[in-house]
1. How far, in degrees from 0 to 90, does helix 148-157 lean away from the longest principal axis of the Cα atoms of the chain, to the nearest 10?
2. Would you kindly state the longest site-free stretch of the chain, with sites defined as trypsin sites (Lys or Arg not before Pro) in a DSSP loop (not H, G, I, E, B) surrounded by at most 11 other Cβ atoms within 10 Å?
3. Take the Cα atoms of the chain, find their three principal axes, and give me the spread along each one in whole Å, biggest first.
4. Taking the alpha-carbon distance from LYS38 and a cut-off under 16 Å, which lysines remain once sequence neighbours fewer than 8 residues away in the same chain are dropped?
5. Starting from the amide H of SER22, placed 1.01 Å from N in the peptide plane, find each other amide H under 5 Å away whose residue is 5 or more places distant or on another chain.
6. Enter the angle in degrees (range 0 to 90, nearest 10) between the Cα long axis of helix 112-122 and the first principal axis of the Cα atoms of the chain, meaning the one along which they spread out most.
7. Report the full-extension gain for the segment ALA170 to LEU42: residue separation times 0.36 nm, less the Cα-Cα distance, to one decimal in nm.
8. Taking the Cα atoms of the range 31-162, what is the range of coordinates along each of the three principal axes, in descending order and whole Å?
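Every number here is computed from the coordinates shown, using simple stated rules; none is lab data. Source: prediction; values computed, not measured. Cβ: placed from backbone, ideal geometry, glycine included. Neighbour counts: every protein chain shown.
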Amino acid sequence: MSDTPNATAADTIAPVVIDVVSDVVCPWCFIGKRRLEKALALKPNIPVEVRYHPYFLNPWVPREGMSRDEYLTTKFGSPDKYTAIAGRVAGAAASEGLTYAVDKMRRQPNTLDCHRLILWAQGIGKAPQMKQRLMDMYFTEGADLTDTEVLIGAAASVGMDPDKTRELLASDTDVEQVEAAANSAKDAGIDGVPTFILGGVAAVSGAQSPEVLANAIEQIAVNREQFLAEQRRAPQG
């Protein structure tokens, strides 16, 4: 799933591929996506290709989802125990111009269908917009992402055909592909998201600042061949 925001970059620099492993219900992924966008704006002369990959932050949540209170109790012990964490997340989101409206969230979804929508949106070049819309709906609007009609509306908002989307969601189309991609991320040792894999040679974990991300992207753009050569020379264990 790709996006190429720096179309005016010098043609002499090969694009840096940025593989973003994340989940739509991960608040730090919500924040991390905005910080990545700011990082790219800091380095407009470095062409990039951003590709989004699925991750299941909470694979134990059933396909039909669960109440937010039940989820918070299972994961944190009680909704009250999440209050302090929510405050820190809300503050970090606000600093990036985002709204983390924890009081609006009533339902915790399984995100398999959300990741299917992002995959299908790739076909019309709208994967980044689809991902952003789902996160905005969940974190800011408190939308129920377990509701098929809500998902269809999200798809339509980025230009996908509603009837075709309804048909696809009712089927098992690409379920195995999304699950395999999410599992491969964990098999590769990714146990926290967001994770940004830069040029296939380095990984940045967590919602780092735009400046940190921008510097890492620049280092890969300038020294990618050196990093690749070092990887080839490294003993294989």
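1. Tilt relative to the chain: about 40 degrees.
2. It works out to 107-237.
3. 49, 42, 40
4. none
5. For SER22, whose amide H was placed from the backbone, the distant partners under 5 Å are HIS53, TYR55.
6. That helix lies at roughly 50 degrees to the long axis.
7. Stretched out fully, the ALA170 to LEU42 stretch lengthens by 41.9 nm.
8. 47, 34, 22
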